[in-house]
Amino acid sequence: MRRSRRQREQPDLGILSSRTLFALQRELFTRLGEQGHPRLRPRHGAVLAYLDEEGSRATELAAQSGQHKQVIGTLVDELVELGYVERRRDPADRRAKLIVPTEKGCDFMARSDAVLAEMEAGHARAVGEEAYAEFKRVFKLVAERQSAWQGR
């Protein structure tokens, strides 16, 4: 399927967002694989990107990531099997479970933060610090506005 010239020359927000996300994920997970985390995949980011070091409930992870709770449950199962998280009782509510990163999970999260910071610093150098800061400010506003549409 060929895209129109307009989409090639003036890509819309959806195309720009997806190109950015997929390229960012490819680089991030390739680099993290080289740093000792080769079995993780971009889909695991729906949990690990939003996980608090003290632990998070699956419902919180679903809400933050925009994924269904069942999807989060499947990803948590995979991450438990891979040794990145464990389920613990929530001390605030003994009926609830917290998803808590293991030492391996914390290592991944710290390395991920460092790699993303390096990637962002590279973008800032390429386009200029002020331009990149303004881009992030505006992109955050657009993302928040778009996310608010979901709540309708």
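The values are calculated or read from the model by the stated rules, or taken from the named source; none is laboratory data. Quick caveat, the model's predicted, so the values are computed rather than measured. Positions of Cβ are backbone-derived with ideal geometry, glycine not excepted, and every protein chain shown enters the neighbour counts.
Can you confirm whether Arg3 is under 27 Å from Arg145 (Cβ atoms), assigned to a loop (DSSP other than H, G, I, E, B) and modelled with pLDDT under 95?
Yes: the conditions hold for Arg3.
List pairs: first in region 133-152 and closer than 21 Å to Met119 by Cβ, second of a type in the set (Gly, Ala, Ser) and at pLDDT below 95, Cβ under 8 Å, 6+ apart or cross-chain?
Final answer for the pair search is none.
Within region 14-54, count every residue that is touching a Leu at 6+ places or on another chain (Cβ under 7 Å) and charged (D, E, K, R).
2
Within the group Arg95, Arg111, Arg57, Arg137, which residue is basic (Lys, Arg) and at pLDDT below 95?
Arg95
Here is a yes/no grid of residues against (1) crowded, with 16+ Cβ neighbours inside 10 Å; (2) not in a helix (DSSP H, G or I):
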site: Gln67; (1), (2): yes, yes
site: Arg87; (1), (2): no, yes
site: Val115; (1), (2): yes, no
site: Glu130; (1), (2): no, no
site: Arg145; (1), (2): no, no
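Could we say that Gly45 is at positive phi and under 16 Å from the mean Cα position of the chain (by Cα) here?
no
Restricting to region 35-91, what's the tally of residues that are touching a Ser or Thr at 6+ places or on another chain (Cβ under 7 Å), closer than 23 Å to Leu21 by Cα and among the charged types (D, E, K, R)?
1
Just one of (1) polar (S, T, N, Q); (2) modelled with pLDDT of 95 or more; (3) closer than 26 Å to Leu141 by Cα; (4) more than 15 Å from the chain's Cα centre (by Cα) trips up Gln70, so point out which.
Going through the list (1) polar (S, T, N, Q); (2) modelled with pLDDT of 95 or more; (3) closer than 26 Å to Leu141 by Cα; (4) more than 15 Å from the chain's Cα centre (by Cα), Gln70 breaks only (3).
Among the residues of region 1-51, which ones are polar (S, T, N, Q) and in contact (Cβ under 8 Å) with a residue 40 or more places away in the chain?
Gln35, the sole residue that qualifies.
Yes/no matrix, rows are residues, columns are (1) surrounded by 14 or more Cβ atoms within 10 Å (Cβ to Cβ); (2) under 13 Å from the mean Cα position of the chain (by Cα); (3) of a type in the set (Val, Ile, Thr):
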{"residue": "Gly14", "(1), (2), (3)": "no, no, no"}
{"residue": "Ser17", "(1), (2), (3)": "yes, no, no"}
{"residue": "Gln25", "(1), (2), (3)": "yes, yes, no"}
{"residue": "Glu34", "(1), (2), (3)": "no, no, no"}
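Sort through Leu75, Leu51, Leu79 and tell me the only one that's closer than 12 Å to Gly105 by Cα and not in a loop (DSSP other than H, G, I, E, B).
The unique qualifying residue is Leu79.
For region 52-86, give me the residue count where each residue is touching a residue at least 24 places away in the same chain (Cβ under 8 Å) and either hydroxyl-bearing (Ser, Thr, Tyr) or closer than 24 Å to Ala148 by Cβ (or both).
Adding up the residues that qualify gives 8.
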